[in-house]
Amino acid sequence: MTETPAARTGVPARGFESLAVHAGQAFDPTTGAVIPPVHFSTTYAQAGIGGLHGGYEYGRSGNPTRTALERQLAALEGGLHAFSFSSGLAAEDALLRAVLQPADEVLLGNDVYGGTYRLLARILGPWGVGVRVIDMSDLDAVAAELSARHARILWVETPSNPLLKITDIAGLARLGHEAGALVVVDNTFASPALQQPLALGADVVVHSATKYLGGHSDVVGGALVVDDDELAEKVKFLQFAVGAVSGPLDAFLTTRGIKTLALRMQRHSENAGAVAEFLSRHERVAHVYYPGLADHPGHEIAARQMSGFGGIVSLALADGPSARRFAESTRIFQLAESLGGVESLVNYPDEMTHASVRGTELAVPEEVVRLSVGIESVDDLLADLDDALRQL
């Protein structure tokens, strides 16, 4: 009998907050240490040739600290298998190579992380993989595109980066499966605390663990969560054979971050909602992108498939120069790449995170600025944004 995700957690807990703290985190049987030790060993003694202790042989093929993180990730996403990688792009690369062959095509959302498009177009493209771009939030357009030509993978971010588009995961999964496609959801922006794509019909969940999972801007990592045993074996082989694994300290830092994920996402969402409301009323702001706003085109879907609206808010100003000046004028919101840490960040996608998609269908309008809203006092955040806007 196939084990259920709950059966693999190793703890009786079922609530999300409890799983975040306890899944994969059994106390050390030797000392009773409540926090499991970080295992730095690169190799493991054998009780005779092939007599492995707990299945561990060599650090690339397995590490107890990484195993603990993978069990934790699987429990939180409700999946049977999870894999931890050295970065989000390393996780994506392993999945794509596990699934695709030359001449296969990927149908990609038109508002995704620039690095995902770069990986497909510039690394896998010369290998013979095709990429087509579409607005995944328009299910009719997706259905028409699939009818016209087969795609091996449907790849979506919801909420998307950086325009916060919302895609109906259940509807997309239905269309993808009817067309024989694998449905992949990048859940980085929502995190499993707010959204669980596997439960909505997706086949694979992708994470940049650097963002909300780690949550403290001190570790780079990536993850995949799947339910299919055959796909899991392929991914596991590539994880071992290619070797882009998370190191033990990286795995530990990610696990430590995850333990407070539910609390952090609640505060991120509360602060972001207040920021979005404030910006939507500000005379210097042309448009606000945030699914928590009632006038957002994906608001109803987001309210149905998410338990909160997340910590990312994007805004459009009058023009590109205004957006640049604003991004360089905030003080509490620090100008930096990445997102999802406890501190607030401001990003100018056109020249930063999405520079690689300039001139493509995924290009971000130059008047758009992305905010990663942290957990600071919301009054301080609003004052900082107001000061920067008044300088325009």
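The values are calculated or read from the model by the stated rules, or taken from the named source; none is laboratory data. Here the structure is a predicted model, which is why all the values come from computation and not from measurement. Positions of Cβ are generated from backbone atoms using ideal geometry, with glycine treated the same way; all protein chains shown enter the neighbour counts. To get the accessible areas, we keep the full protein, side chains included, count just its heavy atoms, and leave off ligands, DNA and RNA. Shrake-Rupley method; radii C 1.70, N 1.55, O 1.52, S 1.80 Å.
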5 angstrom amide H check on ILE166, placed H, neighbours 5+ away: GLY298
Residues of region 278-339: accessible area per residue with a 1.4 Å probe, Å²: 50
Average accessible surface area per residue within region 40-122, 1.4 Å rolling probe, Å²: 39
Per-residue ³J(HN,Hα) for region 340-349, Karplus 6.51 cos²θ - 1.76 cosθ + 1.60, θ = phi - 60°, Hz, x for Gly and Pro: x, x, 5, 8, 7, 10, 10, 9, 10, x
Å² per residue, accessible surface of region 192-266 at 1.4 Å: 37
Zone residues, region 128-156, relative to THR360, backbone N less than 19 Å from point 7 Å out along Cα-to-Cβ: 128-137, 151-156
Amide H partners (placed H, <5 Å) of GLU105, local residues excluded: GLY130, ARG152, ILE153
Potential extension, LEU335-ALA199 segment - 0.36 nm per residue separation minus Cα distance: 45.4 nm
Accessible surface of the chain, 1.4 Å probe, proportion on carbon and sulfur as whole %: 52
Cα-based helix-to-principal-axis angle, 261-280 vs the chain, degrees rounded to 10: 10
Solvent-accessible area of ILE301 with every protein chain in place, 1.4 Å probe, in Å² to the nearest 10: 40
Rounded to the nearest 10 Å², the accessible area of SER314 at probe 1.4 Å: 0
Helix 169-178 vs. the chain, principal-axis angle (Cα, 0 to 90°, nearest 10): 60
Under-5 Å amide H pairs with VAL133, H placed in peptide plane, nonlocal only: LEU108
J(HN,Hα) series, region 352-363, from Karplus relation 6.51 cos²θ - 1.76 cosθ + 1.60, nearest Hz, glycine and proline x: 10, 5, 10, 4, 6, 10, 4, x, 10, 5, 9, 4
Relative contact order, percent, region 318-392 [alpha-carbon distance under 8 Å, six or more residues apart]: 38
Mean-position separation - Cα centroids, region 110-141 and region 175-194, in angstrom: 14
Relative contact order [Cα under 8 Å, 6+ residues apart], the chain, whole percent: 16
Label point distance in nm, GLU178-THR31, each placed 7 Å from Cα along Cα→Cβ: 5.7
Region 326-349 versus region 32-87: alpha-carbon centroid distance in Å: 35
